[in-house]
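What follows is a short report on a single structure.
Read-outs throughout are calculated quantities, based only on the coordinates presented, and are distinct from any laboratory measurement. All values reported here derive from a predicted model rather than from experimental measurement. Positions of Cβ are generated from backbone atoms using ideal geometry, with glycine treated the same way; all protein chains shown enter the neighbour counts.
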Amino acid sequence: MQPILQVKKVSKIYQLEGVTVNALTEVNLEIKKGEFVALVGPSGSGKSTLMHLIGALDTPSLGQVLIDGENIGGLSETELAKIRNQKIGFIFQQFNLLAKTSAIHNVEIPLIYAGIADDEARAEKAKAILEKLGLGDRLQNHPNQLSGGQQQRVAIARALINHPSIILADEPTGNLDTKTGEQILEIFRDLHQEGNTIIMVTHDPGLAKKADRQIYIKDGEIVKKL
């Protein structure tokens with residue numbers, strides 16, 4: 001079976017004030033459909049750069065990133081935006097919800113970008129996934145009317161709404177207390193059991209052990225795979 005994600009000899013080089021910075025150096029990585037993988041490394045290790053490349057937020061200086069067998073390196077910004085909308089479900093530490101918009105409308109946004117014009121169809125899909133995540137009674141609440149854990153559930157619902165190939169979670173429990181963070185991880189485990197592919201980016205080795213596989217990155221290179 002073809003891996004859902006392939007990173008082949010990827011390097012990322014930045015020029016900062018005339019200084020060359022090698023953020024990643026010849027990174028190789030394969031992730032199969034349905035895996036729950038943690039990408040682990042301290043601040044400055046290159047994990048955020050790698051996350052941006054996996055999420056089609058950036059393209060490599062050298063090498064290839066393939067999602068569902070498609071090399072994203074040569075794509076236009078419009079094509080990359082389509083990949084992000086249809087192939088990647090993003091979950092961020094800061095939730096990144098629209099403050100003046102209800103939970104259900106926050107979840108509908110990717111459907112709008114995907115071209116689903118039917119208001120009722122969008123609302124039904126968003127309502128169904130929010131109910132699945134235990135937020136059926138919070139559909140019309142704005143983010144400031146929700147707890148941190150509830151906001152993250154809305155963000156998870158938004159990430160799932162277009163049935164992405166990869167769920168990419170960046171420090172998803174970083175702004176949550178221990179109990180709420182464990183509840184969010186339980187949702188991830190359930191999603192994994194349902195066959196979803198999850199890549200969780202974290203600096204916390206303890207959190208990484210909740211995943212099936214851990215990939216450790218340091219100084220722009222993968223140093224260990226468990």
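Of the candidates GLN152, GLN145, the single residue that is closer than 22 Å to SER102 by Cα and either among the hydroxyl-bearing types (Ser, Thr, Tyr) or in contact (Cβ under 8 Å) with a residue 12 or more places away in the chain (or both) is GLN152. Quick check on the stretch 86-107. Is at least one of its residues of a type in the set (Gly, Ala, Ser), surrounded by fewer than 22 Cβ atoms within 10 Å (Cβ to Cβ) and within 21 Å of ALA126 (Cα to Cα)? Scanning the stretch 86-107 turns up at least one residue that is of a type in the set (Gly, Ala, Ser), surrounded by fewer than 22 Cβ atoms within 10 Å (Cβ to Cβ) and within 21 Å of ALA126 (Cα to Cα). Residues of the stretch 196-226 that are hydrophobic (A, V, I, L, M, F, W, C), surrounded by fewer than 18 Cβ atoms within 10 Å (Cβ to Cβ) and more than 21 Å from ASN22 (Cβ to Cβ): LEU226 alone. Among the residues of the stretch 161-195, those that are surrounded by fewer than 18 Cβ atoms within 10 Å (Cβ to Cβ), touching a residue at least 24 places away in the same chain (Cβ under 8 Å) and of a type in the set (Ser, Thr, Tyr) comprise SER165, THR180.
Taking the criterion of being basic (Lys, Arg) and either over 18 Å from the mean Cα position of the chain (by Cα) or under 17 Å from ALA23 (Cβ atoms) (or both), the only residue of the stretch 40-94 that qualifies is LYS47.
Does ILE109 fit the bill of being within 17 Å of the chain's Cα centre (by Cα) and more than 20 Å from ILE198 (Cα to Cα)? Taking the combined requirement at face value, the residue satisfies it.
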